[in-house]
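Asks: Structure below; questions to follow.
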Amino acid sequence: MNGSIANVKKILLVEDDPRDVELTLAALQEYHLDRTVAVVDNGAEALDYLYRRGKFKTRPEGDPVVVLLDNKMPKLNGLEVLTTMKTDSRLKMIPVVVLTSSRETPDLLEFYRTGCNAYVVKPVNFSEFINAIKQLGVFWAIINEVPVHEEIEEPSAAAAGVEEI
Amino acid sequence: MNIEDSTFTERRKSATSEPASILARENDPGASQIGRDLRVERAEIRTEQAESRTAQAKTRTEQAETRTEQAETRMEQAETRTEQAESRTEQAEARTEQAETRMEQAENRTEQAEARTERSEQTIRESELRYRRLFEAATDGILILDVETGRINDVNPFLFNLLGFTHAEMIYKTIGDLGPFRNVEPIEGMLERIKLQGIVSYDDLSLETRDGRRIAVDLVSNVYQSGDKTMIRCNIRDITERKRAEGEILRLNVELEQRVAERTAQLQIANEELEAFSYSVSHDLRGPLRHILGFADLLKMDAGASLSEKGNRHLGSISEAAERMGSLIDDLLTFSRVGKSPMQKTEVNLEELVGETLSDFQQETKGRTITWDIRKLPVVRGDRSLLRMVLVNLISNALKFTHGRAHAKIEIGHISGSEGETVISIRDNGAGFDPRYANKLFGVFQRLHTQAEFEGTGIGLANVQRIIHRHGGRAWAEGIVDGGATFYFSIPTGQPPSK
């Protein structure tokens with residue numbers, strides 16, 4: 001931990017339910033990780049954020065260190081976001097943690113096949129939930145090292161395709 | 001010979017009378033010398049005569065003897081001949097007897113032959129009668145045709161009724177003359193072929209009856225010899241009903257297949273709906289629950305201190321209820337998975353599996369007095385993890401319901417079930433159950449005790465039953481209130497081990 005908030009890398013939380021957002025942020029609060037979280041409430045906005053377009057055109061440069069991705073969302077769902085990210089040479093470097101309510105095996109397999117880095121079923125019990133989110137935040141935002149890569153200013157071909165969806 | 005004898009006797013008589021006259025003359029003294037000489041002479045003559053007669057007699061005697069001898073010889077010969085004759089007679093008689101015996105035998109045989117002839121004649125008459133009856137009563141049409149003319153010699157009632165004719169209308173016609181057969185090949189062709197091949201058959205021939213109905217028949221014609229005449233016998237089988245039945249079967253099969261397909265599609269839809277339902281339960285119901293629990297906790301953290309004791313208790317109830325609902329949802333999902341997950345069958349040593357399972361309960365049973373009685377258990381073929389789930393459920397039940405016992409006894413054994421299955425029993429001396437509700441035990445979320453008595457959602461036994469059913473076995477229970485319970489499950493042993 002560098003102590004300085006400015007240096008703490010960004011977490012992108014893709015979650016359509018504001019209550020889940022609030023609970024997740026509450027969980028991340030303990031290590032002050034909540035202040036570095038960017039929240040979008042659907043898959044399309046997640047891609048806008050990642051490609052710095054639409055309402056995120058003016059956001060500061062830099063990719064999040066991890067994307068916490070819900071699956072069931074309006075417009076683009078989590079799997080579609082993940083699929084787009086993993087076909088983009090730059091975005092596929094960003095770790096993605098699927099944060100979902102579904103314990104269904106087919107979902108789990110599909111996400112791993114597509115290239116998610118972790119699959120976490122949100123515990124119903126609040127303390128377990130807090131615990132899980134905290135661990136995720138600490139691991140991905142603090143412990144895990146992200147690769148250093150050259151900035152790509154031009155939106156990739158994959159991103160152009162996504163807008164049509 | 002008798003004649004000779006009588007002559008001889010007369011002479012002897014005359015000879016006897018002579019001496020008496022001689023004696024009378026000797027008594028005369030005057031003439032003594034001359035007389036004496038005369039008498040001597042006479043005597044001499046008489047002697048001579050006597051001697052001559054004696055000689056003659058002798059000769060005669062000799063002759064007689066000779067004759068006698070000859071007679072005797074002849075007699076002997078005659079006797080011999082008689083004997084021979086008798087012997088021949090005997091032989092002849094014997095032969096006659098034999099001949100008579102043979103004759104008798106021959107007569108017997110003749111009689112037997114006659115009897116047989118009579119019987120065979122009767123048999124023939126009976127056979128004719130039987131044939132006639134068959135002909136009259138047959139439920140196949142029979143047509144007798146003259147091979148030369150192709151005319152109908154006889155037709156049985158079945159056929160003329162079938163075609164809507166009378167016997168008189170059909171007899172002596174050729175079959176080509178009759179409407180129903182008009183479309184069959186020309187009679188000449190059929191006759192030609194039948195002469196050549198001895199048999200002609202037509203399958204599924206369509207005939208039109210006199211009243212215009214279409215009937216389907218199979219027709220087989222063959223040649224046979226009746227005395228010195230060659231005849232054709234046609235057998236005509238009405239297959240209309242059979243064809244209708246076949247059609248019906250075909251139609252029903254198509255219908256059945258269609259229904260199966262529809263049903264399968266419906267089941268598939270139902271299955272998909274269930275999948276969607278279970279997904280929805282998994283995802284959509286757990287979300288709100290998480291929120292209830294999360295915000296109740298946040299509320300407690302943020303405002304717990306300022307809430308009244310009652311307020312805190314309410315908050316606790318909200319959390320408890322939400323957590324219980326979470327367990328129910330999790331159980332339901334588990335139950336759904338138990339039914340859906342693919343089975344991986346291997347040889348499972350139940351004794352090992354029980355031992356393994358029991359070690360999981362060590363923490364739970366700490367401080368309790370429990371006598372475990374684990375008997376020798378067999379190896380079965382099944383899904384190890386699912387069977388482990390069965391044991392976990394049943395053992396955990398036994399532990400739960402013996403909780404009130406100072407000394408709990410749990411016995412796991414193997415009883416000989418009916419052929420082709422292995423039966424495992426788990427007996428406890430716990431709270432038992434009312435046998436009237438035994439059938440409810442295995443239902444989803446069915447509970448025979450209150451939450452306060454024994455906690456649980458009531459999914460365990462439903463899982464047990466579902467797993468056992470998937471293995472092709474049965475699950476059942478026996479028990480009485482406060483008298484312990486025994487749970488049984490069976491696993492088929494039919495499949496020989498393949499691994």
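The values are calculated or read from the model by the stated rules, or taken from the named source; none is laboratory data. Just so it is clear, the model here is predicted, and its values are computed rather than measured. Using ideal geometry, Cβ is built from the backbone for each residue, glycine included, and neighbour counts are taken over all protein chains shown.
Asks: Given A:L91, A:L136, A:L50, which one is closer than 21 Å to B:F295 by Cα and of a type in the set (A, V, I, L, M, F, W, C)?
Replies: A:L136
Asks: What residue, among those in the range A:119-148 that are touching a Pro at 6+ places or on another chain (Cβ under 8 Å) and crowded, with 16+ Cβ neighbours inside 10 Å, is farthest from the other protein chains (Cβ to nearest Cβ)?
Replies: Only one residue tops the list, namely A:W140.
Asks: Out of B:R81, B:R74, B:R109, B:R95, I need the residue that is more than 48 Å from the chain's Cα centre (by Cα), at pLDDT 90 or above and of a type in the set (K, R). Which one?
Replies: Exactly one residue qualifies, and that residue is B:R95.
Asks: Inspect all residues belonging to the range B:286-297 and state whether any of them is without any contact (Cβ under 8 Å) to a residue 12 or more places away in the chain, aliphatic (A, V, I, L, M), under 25 Å from A:V120 (Cα atoms) and more than 8 Å from every other protein chain (Cβ to nearest Cβ).
Replies: No, the range B:286-297 contains no residue that is without any contact (Cβ under 8 Å) to a residue 12 or more places away in the chain, aliphatic (A, V, I, L, M), under 25 Å from A:V120 (Cα atoms) and more than 8 Å from every other protein chain (Cβ to nearest Cβ).
Asks: Would you check if B:D330 is under 25 Å from A:E128 (Cα atoms) and of a type outside the set (G, A, S)?
Replies: Considered against the rule, which asks whether it is under 25 Å from A:E128 (Cα atoms) and of a type outside the set (G, A, S), B:D330 comes out as yes.
Asks: Would you pick out the residues in the range A:53-64 that are of a type in the set (G, A, S) and assigned to a loop (DSSP other than H, G, I, E, B)?
Replies: Passing the criteria: only A:G62.
Asks: For the range B:486-499, check the following and say yes or no: at least one residue is of a type in the set (S, T, N, Q), in a loop (DSSP other than H, G, I, E, B) and more than 50 Å from the chain's Cα centre (by Cα).
Replies: No, the range B:486-499 contains no residue that is of a type in the set (S, T, N, Q), in a loop (DSSP other than H, G, I, E, B) and more than 50 Å from the chain's Cα centre (by Cα).
Asks: Name the pairs whose Cβ atoms lie under 9 Å apart, with the first residue in the range B:433-455 and on the phi > 0 side of the Ramachandran plot, the second polar (S, T, N, Q) and not in a helix (DSSP H, G or I), and 6 or more positions between them or separate chains?
Replies: B:F445/B:T457
Asks: Check the range B:322-342 and report whether any residue there is modelled with pLDDT of 90 or more and in contact with a Lys or Arg (Cβ under 7 Å, 6 or more places away or on another chain).
Replies: Looking through the range B:322-342, none of the residues is modelled with pLDDT of 90 or more and in contact with a Lys or Arg (Cβ under 7 Å, 6 or more places away or on another chain).
Asks: In the range A:11-29, which residues are under 19 Å from B:D297 (Cβ atoms), more than 10 Å from every other protein chain (Cβ to nearest Cβ) and aliphatic (A, V, I, L, M)?
Replies: A:V21, A:L25, A:L28
Asks: Looking at (1) under 23 Å from A:I133 (Cα atoms); (2) outside any helix (DSSP H, G or I), which one does A:K75 not meet, given that it meets all the others?
Replies: The single condition A:K75 does not satisfy is (1).
Asks: Let me ask something additional. Filter the range B:338-367 for residues that are of a type in the set (A, V, I, L, M, F, W, C) and under 50 Å from the mean Cα position of the chain (by Cα); which is farthest from B:T402 (Cα to Cα)?
Replies: B:M343
Asks: Could you check, for the range B:316-331, whether at least one of its residues is touching a residue at least 60 places away in the same chain (Cβ under 8 Å), within 30 Å of B:G443 (Cα to Cα) and either more than 12 Å from chain A (Cβ to nearest Cβ) or crowded, with 18+ Cβ neighbours inside 10 Å (or both)?
Replies: Looking through the range B:316-331, at least one residue is touching a residue at least 60 places away in the same chain (Cβ under 8 Å), within 30 Å of B:G443 (Cα to Cα) and either more than 12 Å from chain A (Cβ to nearest Cβ) or crowded, with 18+ Cβ neighbours inside 10 Å (or both).
Asks: Further question on the same structure: Need the failing condition index for B:D302 against (1) buried (at least 18 other Cβ atoms within 10 Å of the Cβ); (2) within 13 Å of chain A (Cβ to nearest Cβ), just the number.
Replies: The number of the failed condition is (1).
Asks: Can you give me the number of residues within the range A:39-52 that are part of a loop (DSSP other than H, G, I, E, B) and under 13 Å from A:L91 (Cβ atoms)?
Replies: Adding up the residues that qualify gives 2.
Asks: Ok, one more. Within 14 Å of chain B (Cβ to nearest Cβ), touching a helix residue (DSSP H, G or I) at 6+ places or on another chain (Cβ under 9 Å) and within 16 Å of A:V81 (Cα to Cα): does that describe A:E45?
Replies: no
Asks: Sticking with this one: Out of B:I410, B:I480, B:I426, B:I467, I need the residue that is in contact with a Leu (Cβ under 7 Å, 6 or more places away or on another chain), in contact (Cβ under 8 Å) with a residue 24 or more places away in the chain and closer than 28 Å to B:G367 by Cα. Which one?
Replies: Every option except B:I426 fails the conditions.
Asks: If you don't mind, another one. If the requirement is being more than 30 Å from B:D330 (Cβ to Cβ), among the aliphatic types (A, V, I, L, M) and assigned to a helix (DSSP H, G or I), which of these qualifies: B:L252, B:L285?
Replies: Answer to the check: B:L252.
Asks: In the range A:12-27, what residues are of a type outside the set (A, V, I, L, M, F, W, C) and under 15 Å from the mean Cα position of the chain (by Cα)?
Replies: A:E15, A:D16, A:D17, A:D20, A:T24
Asks: Any residue at all in the range A:97-117 that's closer than 19 Å to A:D34 by Cα, of a type outside the set (K, R) and at pLDDT 90 or above?
Replies: Among the residues of the range A:97-117, at least one is closer than 19 Å to A:D34 by Cα, of a type outside the set (K, R) and at pLDDT 90 or above, which makes the answer yes.
Asks: Then there's this: Among (1) surrounded by fewer than 16 Cβ atoms within 10 Å (Cβ to Cβ); (2) under 26 Å from B:D297 (Cα atoms); (3) without any contact (Cβ under 8 Å) to a residue 60 or more places away in the chain, where does A:N71 come up short?
Replies: Failed condition: (1).
Asks: Now for a different question. Confirm whether B:E275 is of a type in the set (D, E, K, R), out of contact with any Gly (no Cβ under 6 Å at 6 or more places or on another chain), within 14 Å of chain A (Cβ to nearest Cβ) and under 29 Å from B:S341 (Cα atoms).
Replies: Answer is yes for this residue.
Asks: Considering only the range B:207-229, state which residues are of a type in the set (S, T, N, Q), surrounded by 14 or more Cβ atoms within 10 Å (Cβ to Cβ) and out of contact with any helix residue (DSSP H, G or I) (no Cβ under 6 Å at 6 or more places or on another chain).
Replies: Of everything in the range B:207-229, just one residue is of a type in the set (S, T, N, Q), surrounded by 14 or more Cβ atoms within 10 Å (Cβ to Cβ) and out of contact with any helix residue (DSSP H, G or I) (no Cβ under 6 Å at 6 or more places or on another chain), namely B:N222.
Asks: Here is a follow-up. Looking at the range A:83-113 only, could you name the residues that are assigned to a loop (DSSP other than H, G, I, E, B) and either among the hydrophobic types (A, V, I, L, M, F, W, C) or within 14 Å of chain B (Cβ to nearest Cβ) (or both)?
Replies: Those that are assigned to a loop (DSSP other than H, G, I, E, B) and either among the hydrophobic types (A, V, I, L, M, F, W, C) or within 14 Å of chain B (Cβ to nearest Cβ) (or both): A:I94, A:S101, A:S102, A:R103, A:E104.
Asks: Moving to a separate point now. So which of A:E30, A:E80 ends up being assigned to a helix (DSSP H, G or I), exposed (fewer than 15 other Cβ atoms within 10 Å of the Cβ), more than 11 Å from the chain's Cα centre (by Cα) and touching a residue at least 24 places away in the same chain (Cβ under 8 Å)?
Replies: A:E30
Asks: Is it the case that some residue within the range B:250-268 is free of Cβ contacts under 8 Å to residues at least 12 places away in the same chain, facing chain A (nearest Cβ under 10 Å) and farther than 30 Å from B:S385 by Cα?
Replies: Scanning the range B:250-268 turns up no residue that is free of Cβ contacts under 8 Å to residues at least 12 places away in the same chain, facing chain A (nearest Cβ under 10 Å) and farther than 30 Å from B:S385 by Cα.
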